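**Student:** I have a structure I would like to understand better, so I am pasting it below and will then ask my questions one at a time.
The values are calculated or read from the model by the stated rules, or taken from the named source; none is laboratory data. All figures in this text were calculated on a predicted structure; none of them were measured in a lab. Methodologically, a virtual Cβ is constructed for each residue, glycine included, from the backbone with ideal geometry; neighbour enumeration extends over all protein chains shown.
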Amino acid sequence: MTIIGRFNRFVKNIRPTDDHINEANRQTNYMVEQLKGKVAANGTFKLEKVLKAGSNAKFTSLRRTAENIFDVDLAAYYSGTGATTQELDKLLDFTCKRLHEIYPSKTKEDFETLKSAVRVKFRSGIRLNVDVAPIIRDDSLGLENGGWLPRSDGWRLTSVTCHNQFISNRTAKSNQVPGPVKFNRLVRLMKWWNNRQEVLAQPSIFCDLITAAAFDAYGVTSEWQSSLRQIFSFLLRHQFLEPIVFDDYHDTSGLVFPSGQVVIMDSVNLENNIAKDWTEETRLSYLERVQGAYDWMMEAKSYELDGDEEGAVNMWCQVFGTEFRSLSEGED
């Protein structure tokens, strides 16, 4: 087996299984139809559409493991016409009550109200969580499917479509490079690595953004190994000392950022700094993990050049865990 062959199998095998995908589709299709009916019957708000969101919609989701919980995200777009701000502030609770009506036999422990969404937990058969985020549609924003998340800490601008296109546009660009490396799959690899960083593990959108920053700077190569080294090399040079900002949907040329703060800006909402809670200790600790991974990657490269596949596999297991070996077994 070659390292190239192993990577192709590993990348394929860290995506959700077909059983998980099929079960997720079955559960969400049922939930969406029922939610539309429950909201219409209640009459308090108008539910205009429900869109798939998050990692599954971006094709960056991971198979379920002890570290990787399989989540499905739905965006429930409500009309704000005729409703007061105070009424719209209650959309999260309203959505939660409608979901309780859909699943009356579920216990209260099966429902969890998050900052932006209601989580419904399914524990029979294939285990998964479905997060439903109410969004107040606002066409004046100039963003396709733009709207507001009515959070208790303040309404937050979002667009499911723009977030999805942020990934798909770069994936399309990576398709122009010969070879197996696709941007969305690189994000998946970065998420797998990130999820192994224990208390330093960052949210999924963080992996989207740092991978995009490296991709915008250097693109991809024709192989997984060097494409990953490019990302980690970029982060080591960058050091999180300059803002990571994207102009996909906004003019960012005039933005001013606070000094002494790590800035990794949401591509859709330029007021949402994903790294706002980072301290200097967080920055240095995360970079230490990045450096360690990069060193293992360089050792893997050395082993590969020497024709020592086993040595290279051992180094990649340091990066991705022993699953790199078990999930990459097979014939080239």
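**Student:** Of the residues that sit in the stretch 1-39 and are assigned to a helix (DSSP H, G or I) and basic (Lys, Arg), which one is nearest to Arg188 (Cα to Cα)? Write out each step before concluding.
**Tutor:** To start, the set of residues in the stretch 1-39 that are assigned to a helix (DSSP H, G or I) comprises 3-13, 18-39.
Pick out the ones that are also basic (Lys, Arg) and you get 6, 9, 12, 26, 36, 38.
Numbers: Arg6: 16, Arg9: 13, Lys12: 10, Arg26: 23, Lys36: 32, Lys38: 35 Å.
Once the filter is applied, the top-ranked residue is Lys12.
**Student:** Here's another thing I want to ask about it. Does Arg119 meet the test of being touching a residue at least 12 places away in the same chain (Cβ under 8 Å), of a type outside the set (Ser, Thr, Tyr) and more than 19 Å from Lys36 (Cα to Cα)?
**Tutor:** On the way: touching a residue at least 12 places away in the same chain (Cβ under 8 Å): yes; of a type outside the set (Ser, Thr, Tyr): yes; more than 19 Å from Lys36 (Cα to Cα): no.
So Arg119 does not fit the description; no.
**Student:** Can you confirm whether the stretch 1-11 contains a residue that is free of Cβ contacts under 8 Å to residues at least 40 places away in the same chain and surrounded by 14 or more Cβ atoms within 10 Å (Cβ to Cβ)? Before you say what the answer is, go through the steps one by one.
**Tutor:** If we filter the stretch 1-11 for residues that are free of Cβ contacts under 8 Å to residues at least 40 places away in the same chain, which is where we start, we get none.
No: zero hits.
**Student:** Scan the stretch 207-224 residue by residue and report those that are in a loop (DSSP other than H, G, I, E, B) and free of Cβ contacts under 8 Å to residues at least 60 places away in the same chain.
**Tutor:** Here is the first cut: in the stretch 207-224, the residues in a loop (DSSP other than H, G, I, E, B) are 219-223.
Correct list: Gly219, Val220, Thr221, Ser222.
**Student:** A follow-up question, please. Which residues, counting only those in the stretch 123-150, are surrounded by fewer than 17 Cβ atoms within 10 Å (Cβ to Cβ), touching a residue at least 40 places away in the same chain (Cβ under 8 Å) and basic (Lys, Arg)?
**Tutor:** Arg127
**Student:** List pairs: first in the stretch 240-257 and of a type in the set (S, T, N, Q), second surrounded by 13 or more Cβ atoms within 10 Å (Cβ to Cβ) and part of a loop (DSSP other than H, G, I, E, B), Cβ under 6 Å, 6+ apart or cross-chain?
**Tutor:** Close Cβ pairs (under 6 Å, with a partner that is surrounded by 13 or more Cβ atoms within 10 Å (Cβ to Cβ) and part of a loop (DSSP other than H, G, I, E, B)) amount to Thr252/Val245.
**Student:** Of all the residues that make up the stretch 154-200, how many are under 25 Å from Leu270 (Cβ atoms), aliphatic (A, V, I, L, M) and without any contact (Cβ under 8 Å) to a residue 24 or more places away in the chain?
**Tutor:** Qualifying residue count, the stretch 154-200: 1.
**Student:** Considering only helices (runs of 4 or more DSSP H) fully contained in the stretch 225-332, which possess at least 2 residues that are assigned by TED's automatic domain parsing to the domain that holds Ala213, among the hydrophobic types (A, V, I, L, M, F, W, C) and more than 30 Å from Arg9 (Cβ to Cβ)?
**Tutor:** On the way: elements: 280-305, 309-320, 323-326.
Ranges flagged: 280-305.
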